[in-house]
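This report concerns only the one structure given below.
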Amino acid sequence: MRNGAAVLAAGAILSFLLCACSGENNEYGEMRGLTAAELVAEMKTGWNLGNSLDSVGEDETAWGNPPTTPEMITAVKEQGFDILRVPVTWGQHMSEDYTVEPEFMARVKEVVNYGMDNGMFVILDTHHEPDTWLLPQSESMDKVEPQFTALWRQIAEEFADYGDHLVFEGINEARIKGSPTEWSGGTPDERECVNRLNRIFSDTVRGTGGKNAKRLLLVSTYAHSVTDSAFDGFVFDFDEYTAVALHAYTPYSFTYHSGESWESYEWTGWEKGSIDGVFKLIDQQLTSKGIPVIITEYGAVRKRLGDFLYNTDEVIAWLGDYLGAAKEYGIPCVWWDNNYYTSGNELFGIFDRSSCEWYSQEIADAIVGMYSE
């Protein structure tokens, strides 16, 4: 009997260890009952795994990035980033009855666990769906709603046992592509459809119960935009475990390589008013009312200033103004990184996913340094 008991005890220990390795125990499961405001207050600064699981094509390498590895995410955490956003494009991996391919769901879960294993907050979203099927307009909603509902029900059920370090972001930049108001705030009908999508997302996740009843959920404005129009008619009537996700590449003249005559390459501070304006509008519409906010995408592209000179110092100076304002209003920000540094469109890459080293150590240090004071 003693030997049998020993075997049973050993088996129990082995079972526990296997569960721990697979993330099926309380390692990912602590739900502390914190409100959205309390959770957001714990967050500092984040990094996006862009152009990987959200890439459109056969798999996560379709847009030129290597498969995501635990070593990549560990390196990001060791640099000092405590938020990992995992953008995911789901539609191409859904069957006609809206079932997500099991293999793809398993891969998403594996990558989410890389962040959880490092003790990070992980934001999981639905990303390029508005490029294809998730169209926020009345004539499309009869088709959009059942697929959107089915998608979030499956995600919520798959991650039901995860604790409060896993965050769900309902939609990414829901908009009508190519429309005249695509980035300025949409039409009244389109904004109302985004309100409907936010409600479907919240009701679907909350309806699965358990830990999802208190999970931090992120709803958004039309296209995640920060404009007066985007906030016109925006409805936030959610529970205390819900916050708002926004995107702010501000000012666009500096943060993007537009090729236009008004593009700026140096950060002298004369455009700082645009940063202050964005955060004052966010405060007026949301944070002053007690509604927590996370900027789930921001960044500035790499630009050439001369034959052998790039704008690293300029970006660092801009970061001081941008993140300084964000900290003043208690808003965590998540850098958009697509791993494009020397080639490709939109050179937001600061971390080399092949070597697990930083393309721009200075920028990474500047971001993290803002939160070490």
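Rule-based calculations on the coordinates, nothing more; no lab input. Note that the structure is a prediction, hence the values are computed from the model and not measured. Positions of Cβ are generated from backbone atoms using ideal geometry, with glycine treated the same way; all protein chains shown enter the neighbour counts.
Would you calculate, for the chain, the mean residue ellipticity at 222 nm contributed by helices, counting each DSSP H stretch of 4 or more residues as -39,500 (n - 2.57) and dividing by all residues, to the nearest 500? The helix-only estimate for the chain comes to -12000 deg cm²/dmol at 222 nm. Over the chain, the alpha carbon radius of gyration divided by the compact-protein estimate 2.2 N^0.38 Å works out to 1.01. For the chain, the Cβ-based charge dipole about the Cα centre amounts to some 740 debye (Lys, Arg positive; Asp, Glu negative; other atoms uncharged).
How high is the relative contact order of the chain, in percent, with contacts defined as C-alpha pairs under 8 Å that are six or more residues apart?
On the way: 648 pairs, mean separation 66.3, N = 373.
Computed over the chain, the figure is 18 percent.
Taking every alpha-carbon pair under 8 Å whose residues sit at least 6 apart, segment 107-227 reaches a relative contact order of 33 percent.
Computed packing ranks the peptides 123-135, 66-78 as 123-135, 66-78, most packed first, by mean other Cβ atoms within 10 Å. Counting beta carbons within 10 Å around each of S52, S354 and listing the fewest first gives the order S354, S52. What is the angle, in °, between the Cα long axis of helix 102-117 and the longest principal axis of the Cα atoms in the chain? Nearest 10 is fine, range 0 to 90. Its long axis makes an angle of about 80 degrees. Between the Cα long axis of helix 272-285 and the first principal axis of the chain there is an angle of about 50°, rounded to the nearest 10. Look at the dipole of the chain built from charges on Cβ: of H257, S179, M31, the Cα furthest out on the positive end belongs to M31. Computed from Cα positions, the angle between helix 70-79 and the longest principal axis of the chain comes to roughly 60 degrees.
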